[in-house]
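Peer 1: Have a look at the structure that comes next, please.
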Amino acid sequence: MRGARIFCPYGTHIRRLDMPVSHGAFIRDRPLMNEDDCEVGLDANIAPFGGCHSPAKDGDKVDIIIGPDEEPMPTGFDEAANTPITPKEGTVIEDVKLCKPRLLGKWLEAEEETLVDGKPALTMKCSLMCAYACTAGFESADSARITFMTDGQFDDD
């Protein structure tokens, strides 16, 4: 799962799941991860998702500029072109709070039949709950989770 693209419904950026230290289990030369691999930070498993749009998040509002190597979340959908509308490099996202997820536990729904370093393995069905997303008025907690976009097993994921 290392390298998998993940997102938060309130974040402004898509991030890649990282594995600073391997557990020693691999698929296609990519490290496998387990339910406890949910440390937040720039040098940890989960980098902050840029800005946070959650009304439950505290802090001062800032403007964020999309950098050259960043992958922003789509902000809409172009019906005519049938493609998502994604902010380009240099675009300013105004009035958001800086994201620093406050996770409510470990990865949910990890694969208990497959163990990585003695703990259930991560799969595409896993998700994390962030306190700021879960208390922000989504109709269900399921739609407010940090989830996977890709599994990280291929370079173009």
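The values are calculated or read from the model by the stated rules, or taken from the named source; none is laboratory data. What you see is a predicted model; the values in this text were computed from it and never measured. Here the Cβ positions follow ideal geometry from the backbone for every residue, glycine too, while neighbour counts run over all protein chains shown.
Peer 1: Taking D18, is it without any contact (Cβ under 8 Å) to a residue 60 or more places away in the chain, part of a loop (DSSP other than H, G, I, E, B) and surrounded by 20 or more Cβ atoms within 10 Å (Cβ to Cβ)? Quick ask: steps written out before the conclusion?
Peer 2: Working: without any contact (Cβ under 8 Å) to a residue 60 or more places away in the chain: yes; part of a loop (DSSP other than H, G, I, E, B): yes; surrounded by 20 or more Cβ atoms within 10 Å (Cβ to Cβ): yes.
Yes: the conditions hold for D18.
Peer 1: Also, quick follow-up: Please determine, by comparing only the residues of the stretch 40-51 that are assigned to a loop (DSSP other than H, G, I, E, B) and small (G, A, S), which one is surrounded by the most Cβ atoms within 10 Å (Cβ to Cβ).
Peer 2: G50
Peer 1: So which residues in the stretch 65-85 are exposed (fewer than 15 other Cβ atoms within 10 Å of the Cβ), in a loop (DSSP other than H, G, I, E, B) and more than 15 Å from the chain's Cα centre (by Cα)?
Peer 2: Residues satisfying the conditions are G67, P68, D69, T75, E79, A80, A81, N82.
Peer 1: Another one. Name the pairs: first residue in the stretch 74-96 and touching a residue at least 24 places away in the same chain (Cβ under 8 Å), second residue of a type in the set (K, R), Cβ to Cβ under 6 Å, at least 6 apart or on different chains?
Peer 2: What qualifies is D95/K61.
Peer 1: Exactly one condition in (1) surrounded by 14 or more Cβ atoms within 10 Å (Cβ to Cβ); (2) closer than 22 Å to A4 by Cβ; (3) charged (D, E, K, R) is false for K97; which is it?
Peer 2: (2) is the only condition that K97 fails.
Peer 1: With the checklist (1) within 23 Å of C126 (Cα to Cα); (2) in a loop (DSSP other than H, G, I, E, B); (3) at pLDDT 95 or above; (4) not aromatic (F, W, Y) in hand, flag the one item H23 doesn't pass.
Peer 2: H23 satisfies all of (1) within 23 Å of C126 (Cα to Cα); (2) in a loop (DSSP other than H, G, I, E, B); (3) at pLDDT 95 or above; (4) not aromatic (F, W, Y) except (3).
This table checks each residue for (1) at pLDDT 95 or above; (2) over 28 Å from P87 (Cα atoms); (3) within 12 Å of the chain's Cα centre (by Cα).
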{"residue": "D18", "(1), (2), (3)": "no, no, yes"}
{"residue": "D37", "(1), (2), (3)": "yes, yes, no"}
{"residue": "I46", "(1), (2), (3)": "yes, no, yes"}
{"residue": "F49", "(1), (2), (3)": "yes, no, yes"}
{"residue": "D58", "(1), (2), (3)": "no, no, no"}
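Peer 1: Hey, another quick one. Residue check: is F49 over 22 Å from E71 (Cα atoms) and aromatic (F, W, Y)? Can you show your working first?
Peer 2: On the way: over 22 Å from E71 (Cα atoms): no; aromatic (F, W, Y): yes.
No, not satisfied.
Peer 1: I'm checking my understanding of the structure. Among residues of the stretch 26-39 that are touching a residue at least 40 places away in the same chain (Cβ under 8 Å) and assigned to a strand (DSSP E or B), which one is surrounded by the fewest Cβ atoms within 10 Å (Cβ to Cβ)?
Peer 2: Quick first cut of the stretch 26-39, residues touching a residue at least 40 places away in the same chain (Cβ under 8 Å) only: 27-28, 30, 32-38.
Subsequent filtering for residues that are assigned to a strand (DSSP E or B) retains 27, 30, 34.
Details: I27: 13, R30: 19, N34: 23.
In this case the residue turns out to be I27.
Peer 1: When only residues in the stretch 52-64 that are part of a strand (DSSP E or B) and not charged (D, E, K, R) count, which is surrounded by the fewest Cβ atoms within 10 Å (Cβ to Cβ)?
Peer 2: V62
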